1. So, in the range 278-301, exactly how many residues are of a type in the set (A, V, I, L, M, F, W, C), open to solvent by 10 Å² or more (accessible area, probe 1.4 Å) and under 16 Å from residue 30 (Cα atoms)?
2. For the range 307-344, which positions are open to solvent by 20 Å² or more (accessible area, probe 1.4 Å), under 27 Å from residue 288 (Cα atoms), in contact with a helix residue (DSSP H, G or I) (Cβ under 6 Å, 6 or more places away or on another chain) and in a helix (DSSP H, G or I)?
3. Could you list, in sequence order, all residues of the range 112-144 that are open to solvent by less than 10 Å² (accessible area, probe 1.4 Å) and at positive phi?
4. Just wondering, is there one or more residues in the range 152-166 that are over 20 Å from residue 77 (Cα atoms), touching a strand residue (DSSP E or B) at 6+ places or on another chain (Cβ under 7 Å) and open to solvent by less than 10 Å² (accessible area, probe 1.4 Å)?
5. Can you name the condition, by its number, that residue 275 falls short on among (1) open to solvent by less than 40 Å² (accessible area, probe 1.4 Å); (2) more than 26 Å from residue 164 (Cα to Cα); (3) outside any strand (DSSP E or B); (4) aromatic (Phe, Trp, Tyr)?
6. Restrict the check to the range 280-299 and report whether at least one residue is within 14 Å of residue 122 (Cβ to Cβ) and either at pLDDT below 90 or hydroxyl-bearing (Ser, Thr, Tyr) (or both).
7. Of the residues 255, 230, only one is of a type in the set (A, V, I, L, M, F, W, C), at pLDDT 90 or above, farther than 28 Å from residue 147 by Cβ and more than 19 Å from the chain's Cα centre (by Cα); which?
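The values are calculated or read from the model by the stated rules, or taken from the named source; none is laboratory data. All of these numbers come straight from a predicted model, not from anything done at the bench. Reconstructed Cβ throughout: ideal geometry from the backbone, glycine too, with neighbour counts over all protein chains shown. These accessible areas exclude ligands, DNA and RNA; they are computed on the full protein's heavy atoms, side chains included. Shrake-Rupley method; radii C 1.70, N 1.55, O 1.52, S 1.80 Å.
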Amino acid sequence: MKKLSIAIAALAATGLTACGSQDGASGDSRNAIHAVGSSTVYPFATRISEIFSREHPDFPAANIESIGTGGGMAAFCSGVGYDTPDFAQASRRMKLSEFETCQENGVTEIVEIQVGMDGIAFASAQGGITMNLTPEIVYRAIAANPYGEEQTNETWSDVDPSLPDLPILVYGPPSTSGTRDALAELILEVGCEDGPLPEGLEEEEQDRICTEVRSDGKYVDQGEQDNLIVSKIETNPNAVGVFGYSYLEANSDRVQGLPMNGVDPTYDNISSFAYPGARPLFIYLKKEHVGVIPGIEEFLATWVANWGEDGPLAEIGLVTNRGEVRDAMTAATTEFPVLTAEDLQ
């Protein structure tokens, strides 16, 4: 406790203390770990929090919030101090622009930890619509202006005659979600670049054409709650949902995965990156808070102890790190290597 008191005094001396209180806090202090961000990482972080509380009852329960990757990064990068989160959860890597915002606000020591992998799963209700998707099919179906042209596709068969003659209806993540960023990068951009893009496009215009989704009701933004997407497609056999693989795994009795390029969204296919929608998942630590907020080292040790292939996180859908990546991430939880702008370029 003496070390903690000295660390808190040092943080207070910088002027980077809270204006109010949070869980386990009073005045200009906070005792509970605070993590914010991705709805995809949320179930894993919540499970870690539960195990942490059980194994370390002397520490307050961690406060884990699901506000989307973008929202989590904004809160994380807002500054250093008791009124800012210790961790950001992200279903994509931190953007260079977010890193720069962190630096401008005094968050200069960021530790990046890949906790595992996930996949952008396309799914329908058990017994519902089935089809073999490709990035190009998905792009043509839900892009606002596919290849710069007016979006006229009303049914899946309009996109490709081999597909069902059923209305396009896709429930998916909002623009603030890391899942939406991954959908854009891993699927939409690939499908866009496979097709007849106009020549001479400015980079900004090409980005808009390749990643903007339609807003006419064929693609429905369901907010940050992936479980709501599961419920929506379960009640409509003609609907398709887009969410993290962990939600497909957790609800396999209710929904079925749709193949992409003939590859099913399964644990093995995602861990080998055979499935086109595979992506890494991250937590970002504010190193300035280590030794100030109680339990951060123990919380990280709880991640490491439970993110293995036979661990409780794999049981709820995490695709685990392997080999050199696993070793490097394990080391990062105790050595705290500081992320640089060059790492993100």
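1. Selection size over the range 278-301: 1.
2. Correct list: 330, 344.
3. 116
4. Among the residues of the range 152-166, not one is over 20 Å from residue 77 (Cα atoms), touching a strand residue (DSSP E or B) at 6+ places or on another chain (Cβ under 7 Å) and open to solvent by less than 10 Å² (accessible area, probe 1.4 Å), which makes the answer no.
5. (2)
6. Checking the range 280-299: not a single residue is within 14 Å of residue 122 (Cβ to Cβ) and either at pLDDT below 90 or hydroxyl-bearing (Ser, Thr, Tyr) (or both).
7. It is 255.
Here is a yes/no grid of residues against (1) of a type outside the set (Asp, Glu); (2) open to solvent by 10 Å² or more (accessible area, probe 1.4 Å):
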{"residue": "65", "(1), (2)": "no, yes"}
{"residue": "72", "(1), (2)": "yes, no"}
{"residue": "81", "(1), (2)": "yes, no"}
{"residue": "87", "(1), (2)": "yes, no"}
{"residue": "96", "(1), (2)": "yes, yes"}
{"residue": "101", "(1), (2)": "yes, yes"}
{"residue": "110", "(1), (2)": "yes, no"}
